[in-house]
Structures are given as structure tokens and as C-alpha cells.
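None of the figures in this text is laboratory data; all of them are computed from the coordinates on show. Predicted model, so just to flag it, every value in this text is computed and none were measured. Cβ placement follows ideal geometry from the backbone for every residue including glycine, while neighbour counts extend to all protein chains displayed.
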Amino acid sequence: MSGLVSIEVHQEPSYRVHVGVGALGAAAAFVGSRNAAIVTDARVRALHVGRLGLAAPVVEVPRGEDAKDFATLERVLDAFAHHGLDRSSVVVALGGGAIGDLAGLAASLYMRGIAFVQCPTTLLAQVDASVGGKTAVNLRAGKNLAGAFHPPSAVFADAGVLATLDPDDFLSGLGEVVKSALLDGEEFTAWLEGHAQALLRRDADAVAHVVERCVRLKARLVERDPREHGERKVLNLGHTFAHAIEQATGFGRVPHGVAVGVGVALALRAGENVVLAQRVERLLASLGLVPTLSELRRRIPSGLDGRSLVAAMRLDKKGASGRPRFVVLDAPGAVRWDVELSDERVQRTLA
Ligand SMILES: NC(=O)c1ccc[n+]([C@@H]2O[C@H](COP(=O)([O-])OP(=O)(O)OC[C@H]3O[C@@H](n4cnc5c(N)ncnc54)[C@H](O)[C@@H]3O)[C@@H](O)[C@H]2O)c1
């Protein structure tokens, strides 16, 4: 077993993220004698709940995005009451980002807020969603529109659980990893380029290293901008293009992280950083991700024409003015946010 790394996130209140193979085994000691409930889905329950070694009732919810609705939220809250949770109890979120978002919101509401710990079991949830305290469910009007900031009391990111992820779910995480490496700087970007094969094999030490680096980056950004008023927005690098791709093809067709990968390359091209765009495209390809919009169009022949993508982008209301805003990277680690690009430049990028 590799040693665990512990990263402190200075949020209100502060908490620690424990990263490494075997991290889930430390969650039970953290919960201690407190009354707890584990929120998870059937698949993760069958595969990994035993690693917690926690004698607590399990509240099972649907898999993936289907868990993030009000009906499920209400059912989870009722289950907390049924199991006698009180203000001193702990909610344990065991699963991907969807479970963390749902269970975190339920914990923020139950008795006006009780503690919860994140036990992320997807790569995406380990490198991103489990840290930072954003929780949410979806509305018919859009994703994540009803939520709360409710930081976890601790995070246990166990690289050992990622071996069972479906290929698309693993790839989704890798797309976000490429984004994080570029935001972090040259050293992490070069490391990723040198370790693509190890990551594709899901080598536990390589994956744990990536999770640690991404968590350190996110912790820094969250500390400096806990409520995403400014700098934390850099985490949206590539996302304006990615959302347009997901919207134009119908959500679920292109895995989110695959769309983010192409989106990052497009953001670089839109910023006229062609040399870095080409480097990133090579990195994406070496990680099994789709490197370019033209390659994505080859795989999915309909819905990705320039006009559809521009229309989809207009629906994405990231900017206060209603115009899409972009995160632009001048070099690894040198990033600007809230950038408005001309329609002409965006259209040329998507042509
Ligand atoms: N709160 C945040 O800051 C934040 C950030 C990014 C994304 N998110 C949210 O995260 C969600 C996406 O999360 P995700 O990519 O983790 O996907 P997910 O939570 O939808 O899970 C995807 C699938 O993976 C399965 N799964 C989970 N762990 C597994 C394992 N170890 N082995 C086998 N199967 C496993 C689940 O059963 C599920 O079917 C979205 O709802 C998104 O809005 C939140």
C-alpha cells in the first residue's frame, strides 16, 4: 500500500483531503462513534462499500445524473430521519460527482446542516468534484441550478477504487486532468506527457500522483476564491466549448471529459495559441481522448457543424452580460478568465 498524502483545504471550515491507495480505510476512524449514513448507488455499493469498514445504514440512490433531482433528495432526507440522524451525525457520500453533489446538498439541508465526508470513487470526483464544497441537484431548466456551498468535513480519495470504472468514466476524468495540468503549469503538463501510458494502464501510483496534484491546484483556487467570484472560474477552461459540444450532440452522447479535452484545445486555438494547441492535441491523443473538433466530427457526423455549436454556445449563460465568457491560456500556468472573444473569432474556431 502506498502512503497516504494529506492536503489541507483552507475553506470555512478547513478540512483535509486524504489521497492514495487505501484512503477509504481511514474514513471509518474519522466518523468514529458518530451516527452515520452512507449515500451511494447500487454499483458502487456492490463494488466498494466494504472498503469503508463502516457499520452504518446505506441509502441507495439511482446511478449518475438520475440521482440529482428533488424526488431523490427528499427520499434521502427522509431516510436520514428514519435512521435517527441528528445534528452530530455524519453523512458519507460514496460514489461519483453526482452522489457527492446530492449527498452534500442533503447534508446541507438536514437539520439546517450536518457534517458530511466525501469518498469519491470516480477519477473526476477525486480530481475535482469532491473538493470545494459545491453541492447541487438539477432543475428542468438546467444542470446544478439548485444547490448550496457546503464544504465536506474530510475527503478520502482512494486510487484503488478506480480500476473498476468504465472506460468512458475514466476518460471523463482524464479530460479534467489535462485541464488541471495546463492550469497548474509547465511541470505538471510535462509530467502528464511523460506518464500517459501509465495513466492509461490506471497505474495506481501514477493515478494517485495525478489526484494529489489536481487536489492541490483546486485547494489553492478554492482558498483564494471560495465562492467563484473570480479566479476559481479558471477551472472552467475549455468548458464553454465543451458545453456547446454536449448541448449540440445531446447530453450524454459525448462524455463530459472528452468534450472538455476538445474544448481545451479549441480554447487555445480561439486564443490563437496554435503551438500550445498542437501540443495539447498530442497529449489528448496519447491519453485516448479526442484531440480535435474535426476528429470528433468524424466520429459523430451530425450536430457538430459550426452553426449548431455557435447556437448552443449562446444558450450557455456563463457571462453576466449573457455573452459567453472564456478562459484563455497564454502558456501552461498563465491564465486569464472572463475573456470575451469576438463572434468572428469564435466562428472561425468552430468552422
Ligand atoms: N461539485 C462540483 O464541484 C462538481 C465538479 C465537477 C462535476 N460535478 C458533477 O459531477 C457529476 C459527474 O460526476 P462523475 O463524472 O463522477 O460521474 P457520476 O457521478 O455520474 O458517475 C458515473 C458512473 O460511475 C459509476 N461509478 C462510480 N464509481 C465507480 C467505480 N469506482 N467503479 C465503477 N463504477 C463507478 C456510477 O455508478 C455511475 O454510473 C456531474 O453531475 C457534475 O455536475 C460537480
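Couple of notes before you dig in:
- Max mean-square fluctuation residue, GNM over the chain, Cα-Cα springs under 10 Å, options Ala259, Ala26, Ala107: Ala26
- Taking segment 5-164 and dividing mean pair separation by its residue count, relative contact order in percent (alpha carbons under 8 Å, at least six apart): 27 percent
- Helix-only CD estimate at 222 nm, as mean residue ellipticity for the chain, using -39500 (n - 2.57) per DSSP H run (n ≥ 4): -13500 deg cm²/dmol
- Spin-label pair Asp203/Ala46, simplified geometry with 7 Å Cα→Cβ offset, distance in nm: 3.2 nm
- Degrees separating the helix 274-286 axis from the principal Cα axis of the chain, which is the longest one: 50 degrees
- Within segment 5-164, the proportion of Cα pairs with more than 22 Å between them is 32 percent.
- Listed residues Gly160, Leu293, Gln197: farthest to the positive end of the dipole of the chain (Cβ charges): Leu293
- This ranking places Leu289, Leu4 by how few other beta-carbon atoms lie within 10 Å of each, fewest first, which gives Leu4, Leu289.
- Relative to its Kirkwood radius, the Cα radius of gyration of the chain gives an Rg/Rh of 0.96.
- Helix 256-270 vs. the chain, principal-axis angle (Cα, 0 to 90°, nearest 10): 40 degrees
- Sparse packing (at most 13 other Cβ atoms within 10 Å of the Cβ) combined with a DSSP loop state is found for the following trypsin sites (Lys or Arg not before Pro) in segment 254-328: Lys317.
- Listed residues Arg336, Arg201, Arg216, most fluctuating in the chain (Gaussian network, C-alpha, under 10 Å): Arg201
- Dipole magnitude of the chain about its Cα centre (Cβ charges: Lys, Arg +1; Asp, Glu -1), debye to nearest 20: 460 debye
- Choice from Ser14, Ser172, Ser88 showing the highest fluctuation, given a GNM over the chain with Cα pairs closer than 10 Å: Ser88
- Three-way shape call for segment 246-340 based on the alpha-carbon gyration tensor, with the a/c threshold at 1.5: oblate
- Helix 97-109 axis, angle to the chain major axis (alpha carbon atoms, nearest 10°): 50 degrees
- Counting only DSSP beta bridges with both residues in the chain, the antiparallel share comes to about 40 percent.
- Take every Cα pair under 8 Å whose residues are at least 6 apart in sequence, average their separation, divide by the length of the chain, and the relative contact order is 15 percent.
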